[in-house]
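Novice: Mind looking over this structure? Questions follow.
The values are calculated or read from the model by the stated rules, or taken from the named source; none is laboratory data. Note that this is a predicted model, so its numbers are computed, not measured. Cβ atoms come from the backbone with ideal geometry, glycine included; neighbour counts cover every protein chain shown.
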Amino acid sequence: MKKFVVLYLGPKAAQEQMQESTPEAAQEGMKAWMEWAARAGEGILDMGNPLGAGKEITSTGASDTTNGVAGYAIVQAEDLESAQALFDGHPHLMMPGSSIQVYESLDLPGM
């Protein structure tokens with residue numbers, strides 16, 4: 001099985017709205033995530049976490065990030081298409097303007 005890094009992206013407004021949701025809405029959202037996790041099963045290696053504010057670091061300094069990465073996960077699958085299929089009907093996609101990016105994690109020779 002190959003490993004894949006998953007990035008959950010969403011507009012800042014959607015992330016703020018989620019943080020301000022009622023306890024009942026938060027519970028419903030968590031239920032949807034747990035139902036997805038049950039369907040994905042052993043494909044999930046690490047459910048990940050939401051991400052807070054970040055910095056982009058370059059050779060000339062650092063600045064606040066603006067790319068909208070809201071969270072991450074680590075999954076396993078036979079190939080990229082199978083990894084993508086794990087996210088069919090994922091609850092993150094219910095947020096307007098949201099998307100999910102999936103990247104294969106490549107081994108570095110000698111590491």
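Novice: Looking only at the range 3-14, decide whether some residue is among the hydrophobic types (A, V, I, L, M, F, W, C), part of a helix (DSSP H, G or I) and buried (at least 16 other Cβ atoms within 10 Å of the Cβ).
Specialist: yes
Novice: Of everything in the range 58-87 that's assigned to a loop (DSSP other than H, G, I, E, B) and at pLDDT below 95, which residue is farthest from Leu9 (Cα to Cα)?
Specialist: Pass one, the range 58-87, residues assigned to a loop (DSSP other than H, G, I, E, B): 59-60, 65-68, 78-79, 86-87.
Next, only the ones that are at pLDDT below 95 stay: 65-68.
Numbers: Thr65: 13, Thr66: 11, Asn67: 8, Gly68: 5 Å.
The residue in question is Thr65.
Novice: Among the residues of the range 92-101, count how many are within 19 Å of Arg39 (Cβ to Cβ) and at pLDDT 95 or above.
Specialist: Total meeting the criteria: 1.
Novice: Search the range 88-98 for residues being without any contact (Cβ under 8 Å) to a residue 60 or more places away in the chain and either assigned to a helix (DSSP H, G or I) or of a type in the set (Gly, Ala, Ser) (or both), and hand back the single one that is surrounded by the fewest Cβ atoms within 10 Å (Cβ to Cβ).
Specialist: Gly89
Per-residue answers, yes or no, for (1) more than 20 Å from Glu104 (Cβ to Cβ); (2) in contact with a strand residue (DSSP E or B) (Cβ under 8 Å, 6 or more places away or on another chain); (3) surrounded by 10 or more Cβ atoms within 10 Å (Cβ to Cβ):
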{"site": "Trp36", "(1), (2), (3)": "yes, no, yes"}
{"site": "Gly43", "(1), (2), (3)": "no, yes, yes"}
{"site": "Gly54", "(1), (2), (3)": "yes, yes, yes"}
{"site": "Ser59", "(1), (2), (3)": "yes, no, no"}
{"site": "Tyr72", "(1), (2), (3)": "no, yes, yes"}
{"site": "Asp79", "(1), (2), (3)": "no, yes, yes"}
{"site": "Gln84", "(1), (2), (3)": "no, yes, yes"}
